[in-house]
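*Asks:* The structure's right below; bear with me while I get my questions together.
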Amino acid sequence: MKKKTSSRRVIVTVAALALAMGTVTAHSPAHGNPISTQNVIFEDNFDGAAGTGPDPAKWRHDVGGEGWGNAELQYYTDSTDNVAHDGHGNLVITARQGNPAGHQCWYGTCEYTSGKLTTAETFTHTYGTFEARIKLPHGQGIWPAFWMLGNDFGNVGWPYCGEIDIMENIGREPSTVHGTIHGPGYSGGGGIGNAYTLPNGERFTDDFHTFTLQWEPGALTWYVDGHRFSHLTPADLGGNDWVFDHPFFMLVNLAVGGEWPGYPDDGTQFPQTMLIDYIKVTA
């Protein structure tokens, strides 16, 4: 995948936006999981042998340490030190402190390594239900995400290609995830979306949770564990263009630092792991 010059996230103010729009908590109406009645067109259950990398027929690594448009600190590698099956049905993305290979980042020698996967060269699709079951990491400056970009990214650039963030979490908020869209006129800190907070002090790092996007012509709907918490249509864009009616590809990654989550502090422990049980797309 080509470099995403100023994307995920220049979303410095999305937390404030979510507050302004109303953070949704788990008393939201529950809806049945929309994936159950549809045909699976992409599926990875991550059943590979322990220590093996992701299936190259489904995933490719994004590699580099240029900050990814957000002043992130990690170098994304293609090493099984950072992305590997655990032998128990999960793919594990691991963010590590240190840089034995001496990779260079935008600020000098990289202080962290991690992993980022994309289907840009293997799978793109328009509409359907996109779902992942993930156990998140936590800690100041830790930033996991499951998201999508328009497949015309290489031609029109960001944000004109469109971006759909199915799930993002900033580690200092272990009970809250965000679902956001970005496009022309509503990119970066102007991204449009909502947040979902678990009840009773529960944390996304304590167990697996299911993150789902239902994508239809002119409509996007987000769920956590079957709870609908956000629904967006062109009417929500204030007259800006809706750029979500063409093929997109998926990405999953674990960033360290950045303009939105901030940076690790003395209380941030490493390594941090993002465990992915499965990712499915149905149509």
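The values are calculated or read from the model by the stated rules, or taken from the named source; none is laboratory data. Remember, it's a predicted structure, so these values are computed and weren't measured experimentally. Note that each Cβ is placed from the backbone with ideal geometry, even for glycine, and that neighbours are counted across all protein chains shown. Ligands, DNA and RNA are excluded from the accessible area calculation, which covers all protein heavy atoms including side chains. Shrake-Rupley method; radii C 1.70, N 1.55, O 1.52, S 1.80 Å.
*Asks:* Can you find, among ILE279, ASN45, TYR263, the residue sitting farthest towards the positive end of the charge dipole of the chain, where Lys and Arg contribute +1 and Asp and Glu -1 at Cβ?
*Replies:* The listed residue farthest towards the positive side: TYR263.
*Asks:* A follow-up question, please. Taking square-rooted eigenvalues a ≥ b ≥ c of the alpha carbon gyration tensor, is the chain rounded, prolate or oblate, where a/c under 1.5 means rounded and, failing that, a/b exceeding b/c means prolate?
*Replies:* rounded
*Asks:* Cα gyration tensor of region 100-140, axes a ≥ b ≥ c as square roots of the eigenvalues: rounded (a/c below 1.5), prolate (a/b > b/c) or oblate?
*Replies:* oblate
*Asks:* Out of all DSSP beta bridges in region 41-133, what portion is antiparallel? Express it as a percent rounded to 5.
*Replies:* 75
*Asks:* What is the dipole size for region 99-186, taken about its Cα centre, with +1 at each Lys and Arg Cβ and -1 at each Asp and Glu Cβ, in debye to the nearest 20?
*Replies:* 220
*Asks:* Something else: What is the distance in Å between the Cα centroid of region 146-167 and that of region 209-231?
*Replies:* 18
*Asks:* For region 148-282, what does the alpha-carbon gyration tensor say about shape, rounded, prolate or oblate, given a ≥ b ≥ c as the root eigenvalues, a/c under 1.5 as rounded, and a/b over b/c as prolate?
*Replies:* Taking the square roots of the gyration eigenvalues as a ≥ b ≥ c, region 148-282 is prolate.
*Asks:* Taking the solvent-accessible surface of protein heavy atoms with a 1.4 Å probe, what is the per residue accessible area of region 85-242 in Å²?
*Replies:* With all protein chains present, region 85-242 gives 33 Å² per residue.
*Asks:* So what is the relative contact order for region 77-162, in percent, with contacts set as C-alpha pairs under 8 Å and at least six apart?
*Replies:* For region 77-162, the relative contact order is 19 percent.
*Asks:* For the ranges 171-180, 190-199, what's the packing order if you count other beta-carbon atoms within 10 Å of each residue, average per peptide, and put the highest first?
*Replies:* For the peptides 171-180, 190-199, the packing ranking is 171-180, 190-199.
*Asks:* Enumerate lysine pairs in the chain that are 8 or more residues apart or on different chains, then count those whose Cα atoms are under 20 Å apart.
*Replies:* 10
*Asks:* Can you give me the % of accessible surface on the chain that is carbon or sulfur? Probe 1.4 Å, all protein chains present, nothing else counted.
*Replies:* 48
*Asks:* A further question follows. Charges at C-beta only: +1 for Lys and Arg, -1 for Asp and Glu. How large is the resulting dipole of the chain about its Cα centre, in Debye rounded to 20?
*Replies:* Its charge dipole is roughly 180 debye.
*Asks:* Moving on to the next point. How many percent of DSSP beta bridges within the chain run antiparallel, rounded to 5?
*Replies:* Given both bridge residues lie in the chain, the antiparallel proportion sits at roughly 95 percent.
*Asks:* Could you check the spin-label model distance between TYR263 and THR52? Points 7 Å from the Cα along Cα→Cβ, value in nm.
*Replies:* Computed distance between label sites TYR263 and THR52 equals 4.0 nm.
*Asks:* Residue farthest toward the positive end of the dipole of the chain, with Cβ of Lys/Arg at +1 and Asp/Glu at -1: which of THR129, ILE192, THR77?
*Replies:* Working it through, the farthest residue towards the positive pole turns out to be ILE192.
*Asks:* Do the sum for the chain: with -39,500 (n - 2.57) for every DSSP H run of n ≥ 4, divided by all residues, what is the mean residue ellipticity at 222 nm, to the nearest 500 deg cm²/dmol?
*Replies:* -1000 deg cm²/dmol
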